[in-house]
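Engineer: Structure provided below as structure tokens; questions to follow.
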Amino acid sequence: MQAAQSQMAAHSQSVRGFELPSAETLKKIISSAYQASLQTDERRPVTFRLIFGEPGSFPRNHGPQGLHCFEFADTLPFDALELRKLSSAAAYYRSLIGICVENQRLRIWGCVHSGPRWLKALQGGRAEVPDMPPALVLRVTGPGSIEVLLGDSTVGQLSEGRIFGPSINVFTSKWLPLSFCQDRAGNLKLHLEARAKADSHWADIDPNCLRILGQNLVRRMLAATRAYKHGGIILWVTSEFRDQILAEGNPFVDLKYKFAPGENRSRLRTLMVEIMNTLAQVGGSSPDERGPVGWADYESSTDPVLNQLDEAVFEMSHFVANLTATDGAVILTKGFELLGFGAEIHCNEYDVSTVAHAMDLEADNVEIESIHRVGTRHRSVYRFCNAITDATGQVISQDGNVRFVTRRNNMVTYWDHQAVADSFE
């Protein structure tokens with residue numbers, strides 16, 4: 001409790017109406033939320049979000065996609081029983097339960113409807129994400145699983161009986177986009193070739209747009225895989241390594257279901273390039289062109305072709321997620337070419353006994369762990385990333401945890417990636 005409060009104090013300057021609770025009040029909030037998380041509601045797990053703040057402090061008329069407060073005529077006791085009963089009404093993805101201190105006691109004052117757009121920041125997609133006020137927020141995603149946030153920033157977590165510091169969003173690291181850089185340049189080259197052949201004016205593309213587009217595609221894959229609850233492995237290799245992975249009798253994997261070369265195997269890459277092309281065309285035809293078009297333009301665009309392409313990306317993300325249900329790994333190139341699935345990982349000569357658990361985005365601070373703490377799925381990915389030093393692995397557990405793995409600083413390293421409750425999509 002003290003660690004969470006210290007983190008909040010470091011992140012925050014109190015805003016009127018959203019003052020941070022005292023240590024004792026914070027303890028009561030987390031304790032009641034924890035007790036509620038251990039219960040079930042008609043055999044359904046109890047999941048919910050809480051927000052601590054005075055109801056009058058929330059912005060009014062916050063637009064169609066903002067936060068909207070629904071105050072009860074009378075406040076309710078803040079306890080595990082009321083949280084359980086309200087959890088189904090204040091659905092995790094769309095609402096928060098509002099709480100405050102009234103007459104020196106914690107009370108439930110109503111619900112705050114947020115809609116599901118807040119998930120896009122973690123799961124991918126191009127909807128604009130509404131701002132969250134600088135209030136204490138709790139996300140309860142399952143039995144004994146609680147994330148403590150200040151607004152949108154995580155300050156602490158309780159999971160599997162252990163307390164963790166702020167969660168890590170691996171997509172905000174430097175090493176991950178750098179590892180895809182060479183293949184991303186190849187995809188950008190395809191866009192530039194199409195641009196050179198165009199018979200109309202195309203706007204310039206922000207160099208970061210392709211990176212963000214790729215990251216959002218991967219987020220969607222991970223979110224869909226988590227939602228299916230079967231767990232899985234996704235492996236990424238450079239395009240230069242493609243032929244070695246596909247070769248019969250290679251020492252790395254036995255890829256049971258290989259996709260034949262052609263347009264369908266490259267469909268993810270094709271969709272990304274088509275999005276770039278269409279975005280450039282739309283931007284070029286705009287009478288008020290102001291410079292390079294980028295991710296923000298893609299998010300806000302209502303162009304019907306871009307809408308269709310976005311839907312196709314969504315469906316392909318779920319297609320890849322479905323492939324993870326088969327025993328073995330799904331393998332893609334870092335240029336987003338889908339090579340196959342059902343891969344049995346060998347790499348027996350590259351076994352490791354310990355791995356580094358990254359405590360920060362760039363693995364500057366790590367803890368060395370024995371591989372015996374995890375099962376065969378994780379160990380196989382550790383071997384793979386030890387054998388192919390520029391590969392990246394993603395291990396999705398049945399309980400929804402996501403782990404990124406690569407070789408960094410001459411050691412197999414993993415990150416426990418920030419995740420949310422099961423996808424609503």
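The values are calculated or read from the model by the stated rules, or taken from the named source; none is laboratory data. Please read all numbers here as calculations on a predicted model, not as lab measurements. Heads up, the Cβs are rebuilt from the backbone with ideal geometry, glycines too, and the neighbour counts pull from every protein chain shown. Please note that ligands, DNA and RNA were not included when accessible areas were found on the heavy atoms of the full protein model with its side chains. Shrake-Rupley method; radii C 1.70, N 1.55, O 1.52, S 1.80 Å.
Engineer: For the pair residue 260 and residue 360, how long in nm is the line joining their label points, each one 7 Å along Cα→Cβ?
Structural biologist: The two pseudo-label positions are separated by 5.1 nm.
Engineer: I'd like to know which of 30, 262, 208 lies farthest towards the positive end of the charge dipole of the chain, counting +1 on Cβ of Lys and Arg and -1 on Cβ of Asp and Glu.
Structural biologist: Of 30, 262, 208, it is 30.
Engineer: At 7 Å along the Cα-to-beta-carbon direction for both residue 303 and residue 71, put a label point, then send me their distance in nm to one decimal.
Structural biologist: A separation of 4.6 nm, rounded to one decimal place.
Engineer: Of the options 153, 143, 247, report the single residue whose Cα projects farthest towards the positive end of the charge dipole of the chain (beta-carbon charges: Lys, Arg +1; Asp, Glu -1).
Structural biologist: Ranked along the dipole, the leading option is 143.
Engineer: Hey, another quick one. Students sometimes get this wrong: rank 263, 369 by accessible area, probe 1.4 Å, all chains present, largest first. All intermediate terms of the calculation are to be shown ahead of the outcome.
Structural biologist: Numbers: 263 110, 369 25 Å².
So, going from the largest accessible area down, we get 263, 369.
Engineer: Springs between alpha-carbon atoms under 10 Å, Gaussian network over the chain: tell me which of 348, 277, 216 tops the mean-square fluctuations.
Structural biologist: 348
Engineer: Could I ask something else about it? In the structure displayed, which of 189/334; 189/256; 27/229 lie more than 24 Å apart, Cα to Cα?
Structural biologist: Too far apart for the 24 Å limit: 189/256; 27/229.
Engineer: Continuing with this model, one more query. Which of 90, 356, 40 sits farthest toward the positive end of the charge dipole of the chain, with +1 on the Cβ of Lys and Arg and -1 on the Cβ of Asp and Glu?
Structural biologist: The Cα lying farthest towards the positive end belongs to 40.
Engineer: With only Lys, Arg, Asp and Glu charged, each at its Cβ (+1 for the first two, -1 for the last two), find how big the charge dipole of region 191-341 is about the Cα centre; round to the nearest 20 debye.
Structural biologist: Numbers: 15 positive and 20 negative charges, 122 e Å.
Taking the Cα centre of region 191-341 as origin, the dipole is about 580 debye.
Engineer: Could you give the dipole magnitude of the chain about its Cα centre, charging the beta-carbon of Lys and Arg +1 and that of Asp and Glu -1, in debye to the nearest 20?
Structural biologist: Working: 42 positive and 49 negative charges, 128 e Å.
In total the dipole reaches around 620 debye.
Engineer: Follow-up question, since we're still on this one. If you count only protein heavy atoms with a 1.4 Å probe, what accessible area per residue comes out for the chain, rounded to a whole Å²?
Structural biologist: Numbers: 19840 Å² over 425 residues.
On a per-residue basis, 47 Å².
Engineer: I would also like to ask the following. Can you compute the helix-only [θ] at 222 nm over the chain? Use -39500 (n - 2.57) per DSSP H run of at least 4 residues, normalise by all residues, nearest 500 deg cm²/dmol. Can you show the working numbers first?
Structural biologist: Values: 12 runs with 143 residues, N = 425.
The helix-only estimate for the chain comes to -10500 deg cm²/dmol at 222 nm.
Engineer: So, taking all protein chains as they sit and a 1.4 Å probe, how much accessible area belongs to residue 71, in Å² rounded to tens?
Structural biologist: Counting only protein heavy atoms, residue 71 exposes about 110 Å² to solvent.
Engineer: Also, quick follow-up: With every protein chain present, what accessible area does residue 346 have (1.4 Å probe, heavy atoms only), rounded to the nearest 10 Å²?
Structural biologist: Roll a 1.4 Å probe over it and residue 346 shows about 60 Å².
Engineer: Please report how far the C-alpha centroid of region 251-285 lies from that of region 169-231, rounded to the nearest whole angstrom.
Structural biologist: 10 Å
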